[in-house]
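Peer 1: One structure, as structure tokens, below. Some questions next.
Read-outs: derived from the displayed coordinates by stated rules, not from any lab. Every value quoted in this text rests on a predicted model; they were computed, and no experiment measured them. Note: ideal-geometry Cβ built from the backbone for every residue, glycine included; neighbour counts use all protein chains shown.
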Amino acid sequence: MMEIDFLTEADRADWETLARGKDAYFQVERGDDDYERTWRRLLDDQRIRGIAARLDGRMVGIAHYVFHASVWYAGKCYLADLFVDAEARRRGVATAVIEWVARDAEKHGFPGLYWNTLKDAPARALYDKVGKLHQGLIHYAYRRDPNQTPTQR
């Protein structure tokens with residue numbers, strides 16, 4: 001049986017195992033302080049949410065999402081992280097998590113749910129079924145020059 005609900009203090013160890021698994025999968029390195037800071041945000045910040053998916057009582061998936069304002073639309077919800085343990089994949093966990101997040105976002109006035117993924121991510125098979133691909137959309141992230149001094153106003 002699958003259950004999905006918000007993370008609680010008692011979930012810390014299982015959450016961190018999955019969060020570290022997600023980072024290893026995407027080859028992201030983080031320090032212990034990063035996990036602690038994120039854990040506190042997931043429990044203490046009303047706009048940043050964390051949920052766990054459990055199969056037969058065992059945590060097998062996590063998701064982190066953020067509610068935010070939008071200039072042209074009603075509020076938006078950004079699904080920042082979604083990770084399912086390899087042993088639990090292809091059992092409907094990710095689909096159930098996305099649907100759960102969408103309902104929670106809608107309930108709180110943030111009906112626009114969106115996320116990013118890598119072009120060659122295996123999860124795209126699922127995302128192509130439950131989402132709308134915006135062909136031609138390119139994501140940019142500002143690259144700071146470490147040698148440049150901040151502009152003064």
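Peer 1: Please compute the net charge surrounding residue 40, taking Lys and Arg as +1 and Asp and Glu as -1 over other residues with Cβ under 15 Å from its Cβ.
Peer 2: Neighbour charge sum, excluding residue 40 itself: -3.
Peer 1: When the C-alpha atoms of the stretch 54-95 are aligned to their principal axes, what extent does each axis show, in angstrom, from largest down?
Peer 2: Reported extents, whole Å, longest axis first: 40, 17, 13.
Peer 1: Suppose every K and R has +1 on its Cβ and every D and E has -1 on its Cβ; what is the size of the dipole of the stretch 1-90 about the Cα centre, in Debye to the nearest 20?
Peer 2: Roughly 420 debye, rounded to the nearest 20.
Peer 1: To continue, here is another question. How about the stretch 35-90: which trypsin sites (Lys or Arg not before Pro) there lie in a loop by DSSP and see at most 12 other Cβ atoms within 10 Å?
Peer 2: Sites meeting the loop and neighbour criteria: 90.
Peer 1: Counting each pair of different Cα atoms once, what's the Kirkwood radius of the stretch 1-62 in Å, rounded to one decimal?
Peer 2: It works out to 12.1 Å.
Peer 1: Can you list the GluC sites (Glu not before Pro) in the stretch 2-53 that are in a DSSP coil and have 16 or fewer other beta carbons within 10 angstrom?
Peer 2: Sparse-neighbourhood loop GluC sites (Glu not before Pro): 29.
Peer 1: Turning to a different aspect of this structure: For residue 93, what charge total do you get from the other residues with a beta carbon under 13 Å from its beta carbon, if Lys and Arg give +1 and Asp and Glu give -1?
Peer 2: With Lys, Arg at +1 and Asp, Glu at -1, the net is 0.
Peer 1: Please give the net charge around residue 11, taking every other residue with its beta carbon less than 11 angstrom from that of residue 11, where Lys and Arg add +1 and Asp and Glu add -1.
Peer 2: Local net charge: -2.
Peer 1: May I pose another question? What are the ³J(HN,Hα) values, in whole Hz, obtained from phi via the Karplus relation 6.51 cos²θ - 1.76 cosθ + 1.60 with θ = phi - 60°, for each residue of the stretch 11-19 in sequence order, with x given for Gly and Pro?
Peer 2: 8, 3, 5, 5, 4, 5, 4, 5, 4
Peer 1: Summarise the long-distance tail of P(r) for the stretch 12-119 by giving the % of C-alpha pairs beyond 16 Å.
Peer 2: 60
Peer 1: Next question, about the same structure. Can you list which of the chymotrypsin sites (Phe, Trp or Tyr not before Pro) found in the stretch 25-67 are DSSP loop residues with at most 12 other C-beta atoms within 10 Å?
Peer 2: Filter output for the stretch 25-67: 26.
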